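First up is the structure itself, then whatever we jot down about it.
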Amino acid sequence: MIEMLERYIAIDTSYPSYDYDAAIALFIRQARAAGLNSSRITLSSGLPALVITLAGSDSSLPALALNHHMDVVAASHRDGWVNDPFTATIREGALIGRGAQDMKSVGVIHFAALCAFKKQHGTPQRTIHLIMVPHEEMGGFQGTACLLNHALFKDLRVGYVVDEGMPSGDKSCLYVVTAQRAPLHVRITARGTTAHAACLSAHNPVHELIEVVRTLAEKHRAQQAQAATNDPGLLYSYNVTSFTAGSEHTTNVIPAQASAIIDIRIPPETDFESVTNELSALCASYVGVTYEIIAQGITGLPIITQQNPLYQAIAQAAQQHGLATQPHYFQTSSDARFYLQRAITAIGFTPFTGMPNPHGVNESVSLEDLERGKEIMLTLLELFCKK
Ligand SMILES: [Zn+2]
């Protein structure tokens, strides 16, 4: 398992290299050696995906998909890594390399657990798929979104998905990601007429924009205050990411226009319209201010409950290996949202107790977490797919 992960990390799947073919070839070779069927799918985006299948005996049961994305975010030795980020390095009981948490390690664990299951139990009752997708870090629109629209996807009969989660940073507990927030990026623009900045009576669009942005910043601060006692994944955020007005060279001119970009995150099960209605009302209360949507995620996604059979199987599997589980709400989003949008149960589960550092410098996973993670995943397959 460690050797396979080392090889996987050595394949650079970061932007813009994306050697997905090498990643897929690695898994096809290993699947063949384990007697597992795999099929490479070319998505409508032109990018490849891979599905490795262990067919179940009961075709009436919806299949379980273990999903992972092949791509990683960029990294360079210059950023302060102990070694080349695409050469896995083992130090003090931990494996360091890009993808050690997010999420090549999890993909290798999925594969190792699937092989162990086949070896120990042969045919499961419920079909198990291992799905490898491209482009999650770029939003998933050329990856999972395309896979779900592919003609072959129906045939997989996926009813449950285990996707990426987050290491817990707690030695006694694992996170189970049961919900995620949706992004809404808006540009707010205040318009007026250019005028001499000495003119006391002139309308200044910059001042109008400041008032709107101040209101949103106050809403953000109010949510921040609640984050001390509430899970941040269930709160709103309104982060101003850009503010543009005037020119430094014309210090005595009131500009005709000012604009700001706000990254809004909307909690699960929340009505998207309540946010846009509020924005409309806010903008309308100032002169010449409007907003437009730049990008919008999938809103209104459900929160998976602890009564869900997949959640229960995950909790039970963790418990059998001495770990508690805790529901966790993603502040960001993952490929799971595309499944949730189709009313397919999708849960994020990265079975690691180490400190979370996805996308960080010296991203690492302990060898203990890797080994136990594989065993937890095998127990999960036994509980949920064997019967
Ligand atoms: Zn990820």
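Throughout, read-outs are computed from the coordinates displayed, never taken from laboratory work. All of these numbers come straight from a predicted model, not from anything done at the bench. Reconstructed Cβ throughout: ideal geometry from the backbone, glycine too, with neighbour counts over all protein chains shown.
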Problem - Nearest-ten-degree value, helix 367-381 long axis tilted from longest Cα axis of the chain - result: 80 degrees
Fill in the blank from the handout: Honestly the stretch 1-66 on the Cα gyration tensor test (a ≥ b ≥ c root eigenvalues; a/c under 1.5 rounded, otherwise a/b vs b/c for prolate or oblate) is just oblate
Fill in the blank from the handout: Restricting to lysines and to Cα separations under 16 Å from LYS374, and discarding same-chain partners fewer than 8 apart, the set is LYS104, LYS118, LYS119
Problem - the chain: relative contact order as a whole-number percent, Cα under 8 Å and 6+ apart - result: 24 percent
Handout entry: Cα gyration tensor shape for the chain, rounded if a/c is under 1.5, else prolate or oblate
Key = prolate
Exercise for the section: Of the options ALA10, PHE243, PRO356, report the single residue whose Cα projects farthest towards the positive end of the charge dipole of the chain (beta-carbon charges: Lys, Arg +1; Asp, Glu -1). Expected result: ALA10
Practice task
Under a 10 Å cutoff between Cα atoms, tell me which one of ARG265, ARG342, ARG372 has the largest fluctuation in the Gaussian network model of the chain.
Solution key: ARG342
Exercise for the section: In a Gaussian network model over the chain where Cα atoms closer than 10 Å are linked, find which of HIS207, HIS69, HIS220 has the largest mean-square fluctuation. Expected result: HIS207
Problem - Longest site-free stretch - the chain; sites: GluC sites (Glu not before Pro), DSSP loop, at most 16 other Cβ within 10 Å - result: 93-247
Practice task
With runs of 4+ DSSP H residues as the only contributors, calculate the mean residue ellipticity of the chain at 222 nm using -39,500 (n - 2.57) per run, divided by the residue total and rounded to the nearest 500.
Solution key: -9500 deg cm²/dmol
Practice task
Determine the dipole magnitude for the stretch 1-159: charges of +1 sit on the beta-carbon of Lys and Arg, -1 on that of Asp and Glu, nothing else is charged, the reference point is the Cα centre, and the result goes in debye to the nearest 20.
Solution key: 560 debye
Completion exercise
Per GNM of the chain with C-alpha springs under 10 angstrom, the most fluctuating residue out of ARG191, ARG126, ARG337 is ARG191
Exercise for the section: Using Cα positions and a limit of under 12 Å, work out the aspartates and glutamates in reach of LYS171, with same-chain residues fewer than 8 apart set aside. Expected result: GLU368, ASP369
Completion exercise
Least to most buried among LYS104, LYS154, LYS219, by other C-beta atoms within 10 Å and fewest first, runs LYS154, LYS219, LYS104
Practice task
Could you tell me whether the stretch 135-233 comes out rounded, prolate or oblate from its Cα gyration tensor? Rule is a ≥ b ≥ c as square roots of the eigenvalues, rounded for a/c under 1.5, then prolate if a/b exceeds b/c, otherwise oblate.
Solution key: oblate
Fill in the blank from the handout: Counting only DSSP beta bridges fully inside the chain, the antiparallel percentage to nearest 5 is 65 percent
